[in-house]
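See below for the structure under consideration.
What follows draws every value from the coordinates through simple rules; no lab data is involved. Just so it is clear, the structure is predicted and the values come from calculations on it, not from any experiment. Here Cβ is always computed from backbone atoms with ideal geometry, including for glycine, and neighbour counts include all displayed protein chains.
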Amino acid sequence: MTHYTEETLIELLQQDHPQDEHASACAECREKLDSFRLVAGALRDETTWDELPLGEAPVPETITNLRAFADRMAAEDAQAALYLPDLLSGSRELWMNNLRRHPECRTAGVVRKLIESVPAALDSMPRDAVELTNLATEIADHLESATPQLRGAAWRERAYALFYTGDFAAAERALCASESHFTESSVNEYDLARVGIVRALVERGLEKYSSAIAHARASASQFAVYEDAKKSAGAHLAEAHLLMSCQEYDRAYESLTALKNNLFFADDPDTYGRVLGTLGFCSWKTGRIDEALHCLDGAAQLFEELGVHSEAVRARWNAARALAGEGRLADAMPRLRAVARELERLGMMLAATEAALEVAELLVTSGDYAEVEEICRKAMKHFQESSMAYTASALTALALIQEAARNRTATRLLVHQVREYLRRVPAEPNLLFAFPA
């Protein structure tokens, strides 16, 4: 049976005595018509349009409820702070077992405290941050009293931590979970805008550029509505990254320069450092090598002062790459070695492997094959211990370099192709390595 559209039902309602055979016989259409009739009646009621001003005096019951809620949250957070040392004792591999042994840690306060701990962990030890979000989502998803906002926030932080460590496919799955929880709430525009920023970053890693740019711009507009300058700047920064991914470096350079100038007098050194580092990368890509090194070294120094070690090493990495790209290998080599060691110390093993292979690219130019073999051996050991989905493919690609180095036939092109493959495979675990001719 074909049902009437809402427009047709409204037209029937506007008639003085609506009589229609289908509307009378069809239960679904009759129910909709009755619903529209109730709404129309309410709109005609004068009390609906009562414009009496609301009282300015506070309502005691509301104040009491808000204070009780705030006191309850404060008590939960204070108790969670006492639980956290036991929960996070030992290495991160033990934390989930600690949670099983301490069921008292399954509270909303502990979830909030874990989320609060993520930014600092990303700056110092990113793999710890991933495990913190694993604990947060595990608790939130199995906590009956958890709100949709709490669950959504836990999954959003997990998505960002996974993105930060290069696991784009898992980050995208976490974003879907976060969006699903936030959409359960009617007050979700701001939270979904925050998810949109992370989605833009993840989709950039997955090379979904058009969709990512749309998410970044939509989030920036939403943050402007809420007058959140910091988040708005972050959204514009994400858009600049996406423009560069689309090779639109001139547009990105103009946007970043304006953003840097706007933030210069703002009390937001973290965002300023991120803009400065991104502007340095963009300057390198547009041939402004002196400006690039100035911005990147400045960003690295600022992040070190802030204790944001992971961003500091990324800025130094890009400075080393810029020097290598200019043929200044003697200056680039010690910087790249230091970057690879620091990335490994931070637990960012995929990035550390990539940086080490950049060192290998320079080494094969000078014929230092023994160190290239050692770099491959160390990288292969990491993949064997990690047991990731793409371990076999990664080992095959690295073994090819190792064998070529042993035979003194390795080339920069070969090392570059393997490095590019290892950069892509976390997001594309089924990607096959194409053996170069």
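Odds and ends about this structure:
- For segment 281-288, 3J(HN,Hα) computed residue by residue from phi via the Karplus equation (6.51, -1.76, 1.60; θ = phi - 60°) reads 4, 5, 5, 4, 5, 9, x, 9 Hz, glycine and proline entered as x.
- Linear extension gain, ASN65 paired with ASN262, 0.36 nm per residue minus alpha-carbon span: 66.8 nm
- For the peptides 153-164, 331-342, the ranking by packing is 153-164, 331-342, with the highest mean count of neighbouring Cβ atoms within 10 Å listed first.
- Separation of segment 159-198 and segment 393-410, taken as the distance between their Cα centroids, equals 39 angstrom.
- Note on the chain: lysine pairs with Cα distance below 23 Å, sequence gap of 8 or more or different chains, count 7.
- The angle between the Cα long axis of helix 108-124 and the longest principal axis of the Cα atoms of the chain comes to about 30 degrees, rounded to the nearest 10.
- Given R0 = 22 Å, the distance between the Cβ atoms of GLN247 and LEU413 translates into a calculated FRET efficiency of 0.50.
- Sorting 134-145, 280-291, 346-357 by their mean Cβ neighbour count within 10 Å, with the most densely packed peptide first, gives 346-357, 280-291, 134-145.
- Given charges at beta-carbon only (K, R positive; D, E negative), |dipole| of segment 348-437 in Debye: 120 debye
- Rounded to 10°, Cα long-axis angle of helix 249-263 versus longest principal axis of the chain: 70 degrees
- Here the calculated FRET efficiency for THR147 and GLU93, from their Cβ-Cβ distance with R0 = 35 Å, stands at 0.70, rounded to the nearest 0.05.
- Calculation over all alpha carbon pairs of the chain in 10 angstrom steps from 0 returns a P(r) of 4, 16, 24, 22, 15, 9, 6, 4, 1, 0 percent.
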